[in-house]
Amino acid sequence: MNRPVEEWASLVPMEDDAPTAFLDVRDLRIHFPTDDGLVKSVDGLSFTLERGRTLGIVGESGSGKSVTSLGILGLHKGQHARISGQVWLDGEELVGASPEHVRRLRGKKMAMIFQDPLSAMHPFYKVGDQIVEAYRVHNEVSKKQARKHAIDMLGRVGIPQPSERVDDYPHQFSGGMRQRAMIAMALSCDPELLIADEPTTALDVTVQAQILDLVRELQSEFNSAVMVITHDLGVVAELADDILVMYAGKAVEQGSARELFTAAEHPYTWGLLSSMPRLDRDRQDRLVPIAGSPPSLINVPEGCAFHPRCRFCELSAPRSLTEVPVMTETSPGHRVACHLEPAERRRLWAEEVQPLL
Amino acid sequence: MTISDVSPRPADAGAPRPPLLEVTGLTKHFPITRGVLRRQIGAVKAVDGIDFTVAAGETLGLVGESGCGKTTTGRMLTRLEEPTGGRIVFDGRDITHLSVARMRPLRRDVQMVFQDPYSSLNPRHTVGTIVGAPYRLQSVKTEHGTKRAVQDLLERVGLSPEHYNRYPHEFSGGQRQRIGIARALALRPKLIVADEPVSALDVSIQAQVINLLEDLQDEFGLTYVVIAHDLSVVRHISDRVAVMYLGHIVEIGPRQAVYEKPQHPYTSALLSAVPVPDVTRRDNRERIRLQGDPPSPIDPPPACPFHTRCWKAQEVCRTVTPPLVEFAPGQRAACHFPENAPDGPYEPGTDSIVAPAS
Ligand SMILES: Nc1ncnc2c1ncn2[C@@H]1O[C@H](COP(=O)(O)OP(=O)(O)OP(=O)(O)O)[C@@H](O)[C@H]1O
Ligand SMILES: Nc1ncnc2c1ncn2[C@@H]1O[C@H](COP(=O)(O)OP(=O)(O)OP(=O)(O)O)[C@@H](O)[C@H]1O
Ligand code: SF4
Ligand code: SF4
Ligand SMILES: [Mg+2]
Ligand SMILES: [Mg+2]
């Protein structure tokens with residue numbers, strides 16, 4: 001596409017000084033060449049995360065959330081993905097680092113709970129042996145001690161009779177049990193950065209509450225930074241300090257959890273909040289999804305990528321059709337990428353959006 | 001096969017409809033074997049004798065603890081898993097032990113959307129091949145060719161026709177889930193068992209897919225059994241809800257009754273643990289935190305299966321199995337000390353929908 005790179009320069013302060021934040025992602029782009037064209041899964045994403053804080057990432061299914069987290073962990077390396085931008089973790093830049101070096105950081109420095117339990121669990125090895133192995137990479141302990149730790153972790157994530165089931169193979173576990181085994185594996189080394197991609201969608205709400213408690217414990221005990229990706233806005237409301245909303249490979253809104261639930265300013269965020277069925281409200285006859293289909297990431301719409309689906313497109317036309325809106329601070333710590341005037345957005349939220357939630 | 005081979009659909013709409021699906025005493029025990037001789041030393045009692053019916057055109061929501069046997073139940077209903085005991089009657093026919101060959105014509109009528117969108121799609125096939133497979137397997141002719149039909153389906157589930165030639169690994173979790181839904185819808189089945197059909201989707205696409213499922217139900221009279229952990233979604237789509245715990249149905253009833261006046265303590269615990277999208281209520285919520293570990297289905301507790309974690313448990317709970325008793329019209333629960341029935345069990349009168357368990 002013919003978008004000038006300079007446009008992005010204003011998105012992040014591009015100073016070359018080493019960052020102060022624990023995790024600092026700057027203008028990250030991850031593109032995949034395919035037969036149909038270049039898929040721009042992540043296209044100029046920037047955010048920071050401090051130790052002891054939890055960042056919730058929500059957004060369109062297919063908007064690049066998982067690709068971003070795999071990118072931070074260096075798991076696209078060696079594949080045909082094209083990656084640019086910077087990922088600073090605890091003062092070290094990872095995009096340019098050697099795959100070997102990044103691999104050594106995984107487990108203890110950073111760990112991930114994958115959306116796809118099968119990619120983290122090998123089908124031919126026993127569940128317990130896999131946790132033991134992950135643990136021993138970063139801890140000099142005997143096999144016996146590691147096994148004890150594995151059983152302990154399985155118990156803490158709520159696997160019944162962990163000392164028996166530690167010797168099961170992944171296919172003998174239910175969907176939720178596999179998910180929990182993976183959580184046990186990710187938490188076994190007390191990672192400093194935990195990325196949790198849909199950690200609890202496969203779990204019933206009582207186990208979910210238990211896992212969320214476990215993540216909070218990890219955080220208060222080790223002051224870990226947590227990035228939690230989920231479609232469940234209830235989980236985000238409960239766990240996250242800050243929220244980042246993604247659409248078509250870009251951030252469209254970021255702010256404190258309180259701010260995003262009580263004073264959201266981006267029309268896509270409004271669409272999300274209006275779509276969900278809520279147990280704390282009367283049952284609606286029909287849900288209200290955002291109109292239209294998710295954008296193609298090969299031919300991303302010109303201007304504001306959300307404009308073909310935006311109810312308020314006319315109010316921001318013609319800029320929304322031609323000019324990509326950049327993330328701009330609207331109040332301290334709250335950034336929005338939309339051409340509407342902040343005052344106009346606040347009026348629409350108060351008059352047209354919030355009353356219907 | 002041609003369309004005329006499909007068993008005739010009952011025509012007498014006026015007569016009281018027999019349920020489309022009738023399940024009695026359904027059981028699945030997975031053997032646990034040890035040693036080279038693979039001697040059986042025990043069993044995982046994944047599903048342990050459950051009864052329920054689903055009327056044509058109705059949606060039954062199935063919720064419960066992770067590992068309580070929901071997927072196994074779904075797999076038995078769609079005959080992907082052989083039951084150890086009990087009976088499944090679909091559309092008047094006993095299909096409990098039908099062979100693969102005898103089941104084939106029924107495959108058209110009974111479809112499953114799988115919980116795990118990663119392992120249920122063949123990585124070596126394109127999306128077009130995957131979604132078009134049911135047409136080929138059943139030799140069904142479509143008006144404008146299979147490709148057009150598949151592309152239409154892709155659009156209906158919120159994917160784009162340009163995805164036709166792509167492979168599953170190129171899709172996000174939510175996109176894969178929609179591929180699975182498109183495949184299940186291809187032949188317009190009578191019954192769809194959907195295992196977590198929307199949990200991988202963002203709330204907007206989730207709303208689209210739920211509306212789509214509801215439209216198809218209105219249009220074609222589809223019947224759904226929907227397994228889900230998201231209790232707000234279940235409330236939205238279900239006519240009736242069944243709550244499972246450790247291989248048993250502990251409560252079943254009309255949506256409103258179960259959500260507003262749950263009888264079983266486990267149902268109450270579930271409802272209290274739902275995360276609410278309201279930051280202002282983060283710190284002052286009352287949640288029932290279940291104590292203790294979930295029991296093992298290998299060695300389930302005697303009598304009431306919930307007694308090891310129930311805050312109301314008494315001696316009788318450990319010795320006498322509570323029967324499923326009707327507390328309100330159509331609402332049954334298995335508990336000696338129900339949550340919302342101070343006056344004892346409901347006496348079924350003329351307004352009774354389901355007879356109480358004898
Ligand atoms: N290897 C790949 N080749 C081509 N396209 C890819 C590849 N991996 C991911 N994509 C595309 O990149 C986009 C972002 O995918 P990603 O998995 O990050 O989405 P997501 O935001 O995690 O969605 P979900 O919430 O559904 O999991 C999707 O449109 C997907 O089709
Ligand atoms: N092939 C198998 N061999 C042995 N045990 C099995 C097998 N499949 C399932 N199980 C066991 O049966 C029980 C029920 O599993 P099932 O997958 O039906 O649970 P579920 O209710 O769908 O859980 P979830 O919500 O986590 O998906 C679990 O204890 C599981 O470990
Ligand atoms: S820039 Fe215009 S089209 Fe884009 S979100 Fe804002 S109002 Fe909608
Ligand atoms: S029967 Fe007893 S232990 Fe079981 S749910 Fe009821 S009160 Fe609790
Ligand atoms: Mg994802
Ligand atoms: Mg399951």
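Taking 7 Å along the Cα-to-C-beta vector as the label spot, tell me the A:GLU351-B:ARG124 distance in nanometres, rounded to one decimal.
Computed distance between label sites A:GLU351 and B:ARG124 equals 6.1 nm.
Relative to the longest principal Cα axis of chain A, at what angle does helix A:127-138 sit, 0 to 90 degrees, rounded to 10?
Once rounded, one gets 80 degrees.
So what is log10(I(q)/I(0)) for the stretch B:15-147 at q = 0.21 1/Å, when the Debye sum runs over its Cα atoms only?
-1.33
Compute the angle between helix B:203-220 and the longest alpha-carbon principal axis of chain B, please, reported from 0 to 90 degrees and rounded to the nearest 10.
For helix B:203-220, the angle is close to 80 degrees.
Averaged across A:259-270, how many Cβ atoms of other chains sit within 10 Å of each residue's Cβ atom?
Working: counts 1, 1, 5, 3, 0, 0, 0, 0, 0, 1, 0, 0.
Going residue by residue through A:259-270 and averaging, the value is 1.
Of all the Cα-Cα pairs you can form in the protein assembly as shown, what percent are over 45 Å apart?
Numbers: 54770 of 255255 pairs.
In whole percent, the long-distance tail amounts to 21.
Dipole of chain B, Cα-centred, from +1 at each Lys and Arg C-beta and -1 at each Asp and Glu C-beta, to the nearest 20 debye?
Details: 41 positive and 40 negative charges, 279 e Å.
Computed about the Cα centre, the dipole is about 1340 debye.
Going out from 0 in 20 Å bins, what whole percent of all Cα-Cα distances in chain B drops into each bin?
The percentages, shortest bin first, are 27, 56, 17, 0.
Please list log₁₀ I(q)/I(0) at q = 0.30 Å⁻¹ for the stretch A:270-328, using the Debye equation with identical point scatterers on the alpha-carbon positions.
-1.28
At A:ARG281 and B:LEU80, where each label point lies 7 Å from the Cα along Cα→Cβ, what is the point-to-point distance in nanometres?
So the label points at A:ARG281 and B:LEU80 sit 3.4 nm apart.
Are there cysteines in chain A with no other Cys C-beta under 4.7 Å, and if so, which?
Cysteines lacking a close Cβ partner in chain A: A:CYS189, A:CYS304, A:CYS338.
For the protein assembly as shown, what is the charge dipole size about the Cα centre, in debye to the nearest 20, if Lys and Arg each add +1 at the Cβ and Asp and Glu each add -1 at the Cβ? Let's see the in-between values first.
Numbers: 79 positive and 90 negative charges, 479 e Å.
Once rounded to the nearest 20, the dipole reads 2300 debye.
What FRET efficiency do you get for A:SER98 and A:ARG216 if R0 is 41 Å and r is their Cβ-Cβ distance, rounded to the nearest 0.05? Present the calculation step by step, with values, prior to reporting the outcome.
Values: r = 34 Å, r/R0 = 0.84.
Here the calculated transfer efficiency is 0.75.
I need the trypsin sites (Lys or Arg not before Pro) found in the stretch B:28-75, filtered to DSSP loop residues with at most 10 other beta carbons within 10 Å of theirs.
Working: sites: B:LYS28, B:ARG34, B:ARG38, B:ARG39, B:LYS45, B:LYS70, B:ARG75; in loops: B:ARG38.
Of the trypsin sites (Lys or Arg not before Pro), the ones in loops of the stretch B:28-75 whose Cβ has at most 10 other Cβ atoms within 10 Å are B:ARG38.
Please give the length that would be gained between B:THR33 and B:LEU216 if that part of the chain were fully extended, namely 0.36 nm times their separation in residues minus their C-alpha to C-alpha distance (nm, one decimal).
Values: separation 183, 0.36 × 183 = 65.88 nm, distance 4.44 nm.
Between B:THR33 and B:LEU216, full extension yields an extra 61.4 nm.
Can you tell me the dipole magnitude for chain A around its Cα centre, using point charges on the Cβ only (Lys, Arg +1; Asp, Glu -1), in Debye to the nearest 20?
Values: 38 positive and 50 negative charges, 187 e Å.
The dipole of chain A has a size of about 900 debye.
Kindly list the residues of the stretch A:302-326 that lie in the label zone of A:GLU341, defined by a backbone N under 18 Å from the point 7 Å along the Cα-to-C-beta vector.
Residues passing the 18 Å test: A:312-320.
What distance in nm separates the two pseudo spin-label positions at A:THR20 and B:GLU286, each 7 Å out from Cα along the beta-carbon direction?
Roughly 4.5 nm, to one decimal.
As an exercise, identify the trypsin sites (Lys or Arg not before Pro) in the stretch A:35-97 lying in DSSP coil whose Cβ has no more than 14 other Cβ atoms within 10 Å.
Within the stretch A:35-97, no trypsin sites (Lys or Arg not before Pro) qualify (loop, at most 14 other Cβ atoms within 10 Å).
What is the mean number of Cβ atoms from other protein chains located within 10 Å of the Cβ atom of each residue in peptide A:160-167, rounded to a whole number?
The shielding value for this peptide is 3.
Amide H neighbours of A:VAL228 under 5 Å, counting only residues 5+ apart in sequence or on other chains, H built in-plane at 1.01 Å?
Result for A:VAL228 returns A:LEU55, A:GLY56, A:ILE57, A:ALA196.
Per 0.36 nm of contour for each residue apart, how much would the distance between B:ARG188 and B:GLU170 grow if the chain were fully extended, relative to their Cα-Cα spacing? Each step should come with its number before you reach the end.
Details: separation 18, 0.36 × 18 = 6.48 nm, distance 2.70 nm.
Stretched fully, the B:ARG188-B:GLU170 segment lengthens by 3.8 nm.
Calculate, in nm to one decimal, what A:HIS122 and A:SER142 gain on full extension: separation in residues at 0.36 nm each, minus their alpha carbon distance.
Values: separation 20, 0.36 × 20 = 7.20 nm, distance 2.22 nm.
Here the segment from A:HIS122 to A:SER142 would lengthen by 5.0 nm.
For the protein assembly as shown, build the charge dipole from Cβ charges (+1 Lys, Arg; -1 Asp, Glu) around the Cα centre, then report which of B:PRO277, A:VAL226, A:VAL326 sits farthest towards its positive end.
Value computed over the given set: A:VAL226.
Throughout, read-outs are computed from the coordinates displayed, never taken from laboratory work. As the structure is a computational prediction, the values presented were derived from the model and not from experiment. Heads up, the Cβs are rebuilt from the backbone with ideal geometry, glycines too, and the neighbour counts pull from every protein chain shown.
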